Amino acid sequence: MSEELKVPIMANCFAEGKQPEILFWVGSAGSFDDRAKKISRAFVKVLNKAKVEFAVLGTEESCTGDIAKRAGNEFLFQMQAVTNIEVLNAYEVKRIVTCDPHSFNCLKNEYPDLGGAYEVIHHTQFIDELINSGRLVVEGNTYKGKKITFHDPCYLGRANNEYSAPRKVLASTNATIVEMKRSKQTALCCGAGGAQMFKEPEKGTIDINVLRTEDALETAPNIIATACPYCNTMLTDGVKFKNKEAEVSVLDIAELIANS
């Protein structure tokens, strides 16, 4: 992206006596994975465009502990969570927005038990809010005539019952939205959840991400839309496995909106 992105740091805002509207929780993937960094940049572009006052924790942000918890290490999870909660509470954070459904679920549903109570919003919900309030106007020509199928992330969909926000945001692009045979409550996992992302799959006849990519390709899409950096990786790998990367691109909803 050629334009300069403004990314304020929470410590600087706090020192100046400013309380941003939201804290953008970048997450581990969005901070370190080269592909997921593009999603973070796209979301910041959207925030800048809508003139949202936000900040990030920067080096003070640590992993939520979600992966440790899913892998069975409750002790490590609580250590990571309590450290984050101390930082968030020191800055009197009220609203958190994140592009990662795993962080979203963890911050929203598991941090309150450890003393971290915040309003936690997924980036698709926040973009939907910005469009509805007129703060963000989507030019509906970039993807007009394109076919997009949306893959529901497990921790956004079944775990938190959010199916409408991502679809409403996608509809604003004027693309043709086609549903997979398994979608919403019956959507299939991409294969990355529960810390599976970081290990080799068990023996079987087909990898989960390839199976899910087949679901998507059956709709003959130009674009597979995701709303999670891990889903993005798994489906991108699936598209490569199927030798379809020339015809089908995998993009996060934040990227689709940033491009529009």
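The values are calculated or read from the model by the stated rules, or taken from the named source; none is laboratory data. In this text, all values refer to a predicted model and were calculated from it rather than measured experimentally. Methodologically, a virtual Cβ is constructed for each residue, glycine included, from the backbone with ideal geometry; neighbour enumeration extends over all protein chains shown. Just so you know, the surface numbers come from the protein's heavy atoms only, side chains and all, with ligands and any DNA or RNA stripped out. Shrake-Rupley method; radii C 1.70, N 1.55, O 1.52, S 1.80 Å.
Things worth noting here:
- Compactness index (Cα Rg / 2.2 N^0.38 Å), segment 98-241: 1.10
- Label-point separation, L76 to R182 (7 Å along Cα→Cβ), nm: 2.8
- Kirkwood-type radius of segment 23-77, with distances r between different C-alpha atoms, in Å: 12.6
- Rg over Rh, two decimals, the chain (C-alpha only, Kirkwood Rh): 0.96
- Charge sum, other residues only, whose C-beta stays under 12 Å from C231's C-beta, Lys/Arg counted +1 and Asp/Glu -1: -2
- Across the chain, Cα pairs under 8 Å and at least six residues apart give a relative contact order of 19 percent.
- Scanning the chain for cysteines with no neighbouring cysteine C-beta under 4.7 angstrom from their C-beta gives C13, C63, C99, C106, C154, C189.
- Listed residue pairs exceeding 31 Å between alpha carbons, taken from K108/K240; K69/K144; K203/K242; K49/K168; K38/K242: K108/K240; K69/K144
- A simple rule links phi to the HN-Hα coupling: the Karplus curve 6.51 cos²θ - 1.76 cosθ + 1.60 with θ = phi - 60°, which for segment 134-139 gives x, 6, 10, 10, 9, 6 Hz, with x for Gly and Pro.
- Dipole check for the chain: with +1 at the C-beta of Lys and Arg, -1 at the C-beta of Asp and Glu, and the Cα centre as origin, the magnitude is about 720 Debye.
- For segment 158-173 and segment 55-103, distance of Cα centres in Å: 24
- Per residue, the accessible area of the chain comes to 47 Å² when a 1.4 Å probe rolls over the protein heavy atoms.
- Solvent-accessible area of segment 41-98 (1.4 angstrom probe, protein heavy atoms only): carbon and sulfur portion equals 55 percent.
- Cβ-defined net charge surrounding Y163, 11 Å radius [Lys, Arg +1; Asp, Glu -1]: +1
- Spatially proximal lysines relative to K18 (Cα-Cα < 19 Å; intrachain offsets below 8 disregarded): K6, K51, K94
- Scoring 196-206, 66-76 by mean Cβ neighbours within 10 Å over their residues and listing the highest first yields 66-76, 196-206.
- Rounded D (µm²/s) - segment 58-158, Kirkwood Rh over Cα pairs, Stokes-Einstein at 25 °C, 0.890 mPa s: 158
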